[in-house]
Amino acid sequence: MHRILVIGGGYAGFYAARGLEKRLRRDEAEITVVDPRPYMTYQPFLPEVAAGSIEARHAAVALRRHLRRSKIIAGSVVRIDHAGRQVVIRAAEGEELVRDYDVVVVTAGAVTRKFPVPGIDQLAIGLKHVEEAVAIRDRILVSFDRAAGLPIGPERTRLLTVVFVGGGFTGVEGFGETLSLAMALLGSYPELSADDLQFHLVEARDRILPEVSDGPGEWVVESLRRRGAHIHLNVSMVSAEDSHVVLSDGTDFDAGLIVWTAGNAANPVVAEHTDLPVTESGLLQVRSDLQVGTDLKPVPDAWAAGDVASIPDVTSSDPAARTVPNAQHAYRQGRHLARNIAAVLRGRAPKPYQHASLGTVATLGLGRGIFESGPVVIKGFPAWLLHRGYHVLAVPSWERKVRVLVGWIPPVLFGRDIVSLQAVQTPRDAFVRGGAPHGRQ
Ligand SMILES: Cc1cc2nc3c(=O)[nH]c(=O)nc-3n(C[C@H](O)[C@H](O)[C@H](O)COP(=O)(O)OP(=O)(O)OC[C@H]3O[C@@H](n4cnc5c(N)ncnc54)[C@H](O)[C@@H]3O)c2cc1C
């Protein structure tokens with residue numbers, strides 16, 4: 001019996017474990033998945049969760065429901081000692097357990113890349129997890145409620161000022177969706193107008209959405225500007241202390257919400273806490289067949305896929321090319337990795353992973369999107385429909401597809417739900433105060 005340990009139950013890990021369950025008999029392999037979250041996050045839905053177009057729970061795919069045979073351990077791997085075939089797992093409560101394995105699959109993804117900008121550790125929020133998307137939506141709704149009760153002035157302007165840092169996929173989609181939410185909210189807040197909203201997107205390079213070519217990228221910038229957004233290119237954030245944002249071109253303003261979406265950084269567990277080989281940027285060094293190591297120096301019994309790994313792109317003529325860290329690859333790599341592990345355990349040779357990109361599709365807010373695949377570019381509403389269609393088909397399991405599809409109907413009929421549940425973060429307040437007004441000592 002082979003003990004296979006999957007570290008991370010996200011995109012690549014979920015599909016790897018599911019593939020292993022299908023391919024290996026119960027008496028052949030014991031599969032264990034370790035993840036601090038009991039669900040796989042369907043990250044492409046997070047911008048729409050932040051905008052209230054998708055119910056937060058529908059972006060989370062329960063591991064226990066869909067991985068029937070795998071053992072699920074709730075915890076973070078804090079050390080991988082491959083020489084000893086052991087990992088150290090830390091549970092949420094802090095206690096540690098050591099787990100032995102025969103084969104390890106590292107699919108722990110990446111983390112949000114941060115820079116030492118004063119103030120961001122206190123104020124900024126990422127957009128990689130469900131709770132972050134929910135908090136972004138709640139913060140916007142609460143800011144609208146507060147701003148509506150204030151006279152025109154600096155505090156009202158601050159509350160209605162939102163800044164996204166980073167113009168990649170996550171930043172642009174999150175920005176477009178929350179701008180769309182804010183514009184829709186104005187219909188329920190007659191005290192506020194579009195002129196009160198200040199939405200800033202800050203990007204250090206001269207263009208946004210590096211995944212699309214120049215023309216469509218410029219169109220996205222123009223379309224966001226036409227919607228009243230401020231797009232700052234070739235500019236970075238230098239400070240955000242006490243909500244006061246200062247940009248590298250001297251622009252400054254107070255912000256009520258700072259969303260940090262400046263790309264991916266290596267997961268610390270592989271960058272710093274393993275004896276497996278890593279690249280200079282802290283990614284696991286992986287061969288084209290998804291086994292860890294290089295062609296000259298493969299590491300037996302260690303496999304990796306997804307954003308945690310540097311994987312040769314065999315479809316490119318450039319031998320240095322690596323597969324792009326996105327869901328398109330993570331999903332396929334997870335499945336491929338399962339096929340290869342099953343093959344090797346049964347004495348057959350693994351095959352190289354190859355997948356040529358299907359193109360790029362992004363939402364820019366309700367009814368707006370951009371799609372590019374080779375020479376084909378689709379803009380606006382048809383691209384947005386493509387985005388929704390593609391992702392509802394791509395989210396794992398029919399159960400999730402149906403929940404998401406059904407959830408899209410009420411907003412079409414009745415508009416978005418505009419209630420913030422931020423109070424769930426302090427659920428004992430009402431009980432403790434016993435009806436006393438807020439602020440009473
Ligand atoms: C907002 C947003 C929108 C996106 N939209 C798109 C899109 O439209 N199209 C597209 O192709 N891609 C998109 N992406 C990118 C895509 O979601 C990622 O590339 C993909 O999720 C990577 O899969 P993964 O399995 O490598 O990592 P993840 O899906 O991030 O999974 C990693 C898992 O590992 C767990 N983990 C982390 N550390 C540990 C540890 N130490 N021990 C145990 N478990 C651990 C995490 O909890 C997580 O469950 C988007 C990303 C974001 C954030």
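A few remarks follow.
- Size of electric dipole in segment 72-161: Cβ of Lys, Arg +1 and of Asp, Glu -1, about Cα centre, debye, nearest 20: 460 debye
- Computed from the Cβ-Cβ distance with R0 of 41 Å, the FRET efficiency linking Arg225 to Val376 stands at 0.95.
- Computed with a 1.4 Å probe over protein heavy atoms only, the accessible surface of segment 225-376 comes to 45 Å² per residue.
- Fraction of antiparallel bridges per DSSP, the chain only, in percent to nearest 5: 50 percent
- Of the solvent-accessible surface of segment 194-256, computed with a 1.4 Å probe and all protein chains present, 43% belongs to carbon and sulfur.
- Zone of Leu421's modelled label, taken as backbone nitrogen in segment 41-60 under 11 Å from a point 7 Å along Cα→Cβ: 55-58
- The residues of segment 1-119 expose, per residue, 43 Å² of accessible area to a 1.4 Å probe.
- Residue-count net charge about Trp219 - beta-carbon cut-off 15 Å; Lys, Arg +1, Asp, Glu -1: +1
- Each part reduced to its alpha carbon centroid, segment 373-441 and segment 1-76 end up 22 Å apart.
- Accessible surface of segment 281-346, 1.4 Å probe, proportion on carbon and sulfur as whole %: 51 percent
- Euclidean distance between Cα centres, segment 91-115 to segment 288-338, Å: 19 Å
- One decimal place: the segment Arg23-Asp121 gains 30.8 nm when fully extended, by the rule 0.36 nm per residue minus the C-alpha distance.
- As a ratio to 2.2 N^0.38 Å, the alpha-carbon radius of gyration computed for segment 159-199 takes the value 1.22.
- Sulfur and carbon atoms: percent of accessible area, segment 22-94 [1.4 Å]: 45 percent
- Most mobile of Ala304, Ala16, Ala83 in a GNM of the chain (Cα contacts under 10 Å): Ala83
- Evaluated at q = 0.11, 0.13, 0.15 Å⁻¹: base-10 log I(q)/I(0), Debye formula over Cα of segment 1-142: -0.49, -0.66, -0.83
- In Hz, Karplus ³J(HN,Hα) per residue of segment 274-288 (6.51, -1.76, 1.60; θ = phi - 60°; x = Gly, Pro): 8, 9, 6, x, 10, 7, 4, 8, x, 8, 5, 7, 10, 7, 5
- If you run the Gaussian network model on the chain, springs between alpha carbon atoms under 10 Å, then out of Glu280, Glu191, Glu222 the most flexible one is Glu280.
- Student exercise, segment 269-404 dipole from Lys, Arg, Asp, Glu Cβ charges, in Debye to nearest 20: 740 debye
- Centre-to-centre separation between the Cα atoms of segment 134-189 and those of segment 197-269: 15 Å.
- Taking amide H atoms as placed 1.01 Å from N in the peptide plane, the amide H of Gly263 lies under 5 Å from those of Arg113, each 5 or more residues away in sequence or on another chain.
The values are calculated or read from the model by the stated rules, or taken from the named source; none is laboratory data. Keep in mind it's a predicted model, so treat the numbers as computed, not measured. Cβ sites come from the backbone with ideal geometry, for glycine too, and all protein chains shown count toward neighbours. These area figures cover heavy atoms from the full protein model, side chains too; ligands, DNA and RNA do not enter into them. Shrake-Rupley method; radii C 1.70, N 1.55, O 1.52, S 1.80 Å.
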